[in-house]
Amino acid sequence: MTTTRAQRRRRASQRVRARRTLVAALAVALIAGAVTAFALTRPEAPTPDVDVAAPATPSATPTPTPTPLTPAQKLLAGSTDPHACAVSFAGDGIALDPLLESEGSRYQSLPIPRAAGRVFAGWYDTAADAGALTTAARLNGADLVACTARERVLHAGWTTPERNAAEDAGIPILMYHQFTQKPEGEDNWLRGNYVYVPDFDAQMAHIQQGAFYLPTWDEISAFIDGALFLPKHSVVITDDDADSTWLQWAAPIVAQRQLLTTSFVITSARTEPTPNPFVLQRSHTHDMHRAGPNGKGRMVNDDAATIAADLEHSAQILGAKEVVAYPFGHYDERTKEGVRQAGFELGRTIEPGYVRIGTDKLALPVIRINYGTTVDELAAKIG
């Protein structure tokens, strides 16, 4: 189809008008956008001055002052022992720091306070027991530690020197040696040393059921000084030599009955640890349980320095000094000097008798238990 010149002019004119219309529309849009932008960005008119109270600053919540730890709590805080128990001490005139003990073990370090004009009478569960000096409630190194919330308070008992003297206690130290399972006993020259095991058990039952007080060696020492009251109903149990029969048959009995016992060990012959927590191991010398040139024990043959060196060796093995049992019961003044030089406080003989106020600490007597000793005979000796 042929397009005329007039048609071409009309179409060109239409395109021009369309472009102008588009340009005008774009111009309007640009102007509108600028106005809007100006309206959004222009600053607000200033606000007239008005007194407005500043918001109150909230006061800080006061931090509570932490409650200071008690001395017992401080002890526990510094211990990693899950069984640690802080034992505190109360009573008239008592100003002692608490001590750490281990629950389920025997008390290891209960103090024995001294005061002029009166006599310490032990530690008790309650103030009432302390006032009454109730023997069954008295606690010492023969007892197991028991706590509440890892703490325990012990109460001091006191008495007078006059009452202490009036008690007139004579403390028996029982001396055992070997043991036998034969009812008829052993047939040898040491027959008297052997105690029939069921007899020993019956004797320990008498002590356990009779609620005897079992003094520790530091208590025996303080008692001799007149600084500690011990009831008449007290007894010390000892064994000489740490014989294999003692370890096999007797030691388990004292453990079962929870009776504090001392085993005097010849450390050149035995170095193993105690068989159970109720057996204290103390010195029967290291290598002096044999005869010297005069046929008697070495403790009355050697000089004081040699005796002291032997006892020091023994103490290093046992981890304790405190008391020595003289081999064969032989001792003299040079023996005592050697014992003092070694730092031991007590010496046990084989001489019969009872420990009393004023007894020579280096000549403690004993009650010997022989084969055939009955419970009635034991009761006649110790109550």
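The values are calculated or read from the model by the stated rules, or taken from the named source; none is laboratory data. Please read all numbers here as calculations on a predicted model, not as lab measurements. A quick note on method: Cβ atoms are made from the backbone with ideal geometry, for glycine too, and the neighbour counts reach across all protein chains shown. Heavy atoms of the whole protein, side chains included, go into the accessibility calculation; ligands, DNA and RNA do not. Shrake-Rupley method; radii C 1.70, N 1.55, O 1.52, S 1.80 Å.
Some observations on this one:
- A 1.4 Å probe run over the stretch 203-252, with the rest of the protein chains in place, finds 27 Å² accessible per residue.
- Residues in the stretch 351-368 carry Karplus couplings, in order, of 6, x, x, 10, 7, 10, 4, x, 4, 4, 5, 9, 8, 6, x, 9, 10, 7 Hz; the curve used is 6.51 cos²θ - 1.76 cosθ + 1.60 with θ = phi - 60°, and Gly or Pro positions show x.
- Residues whose placed amide H lies under 5 Å from that of Phe264, excluding near-sequence neighbours: Asp239, Asp240, Asp241, Ala242, Arg282
- Whole-Hz ³J(HN,Hα) from phi, Karplus 6.51 cos²θ - 1.76 cosθ + 1.60, for the stretch 195-209, glycine and proline x: 9, 5, 4, x, 5, 4, 4, 5, 5, 5, 5, 4, 5, 5, 6
- For Val145, residues with placed amide H under 5 Å, excluding near neighbours: Gly104, Ser105, Arg106, Tyr107
- Under a 5 Å amide H cut-off, with hydrogens placed 1.01 Å from N, Thr180 pairs with Val195, Tyr196, Val197 among residues at least 5 apart or on other chains.
- Karplus (6.51, -1.76, 1.60) ³J(HN,Hα), θ = phi - 60°, over the stretch 248-259, in Hz, Gly and Pro reported as x: 6, 10, 8, 4, x, 5, 5, 5, 4, 8, 6, 10
- Rolling a 1.4 Å probe across the protein heavy atoms gives the stretch 284-383 an accessible surface of 44 Å² per residue.
- Sequence of Glu184, Glu322, Glu351 from largest to smallest accessible area, 1.4 Å probe: Glu184, Glu351, Glu322
- Here the stretch 148-251 is assigned +1 on the Cβ of each Lys and Arg and -1 on the Cβ of each Asp and Glu. Its dipole about the Cα centre then comes out at about 400 debye.
- Protection proxy ranking of 312-318, 375-381, 336-342, by the mean of other Cβ atoms within 10 Å over each peptide's residues and highest first, is 336-342, 312-318, 375-381.
- Model label sites at Ala132 and Ser79, defined 7 Å from Cα along the beta-carbon direction, differ in position by 3.0 nm.
- Taking the 1.4 Å solvent-accessible surface of the stretch 256-383 as the whole, the part contributed by carbon and sulfur is 49%.
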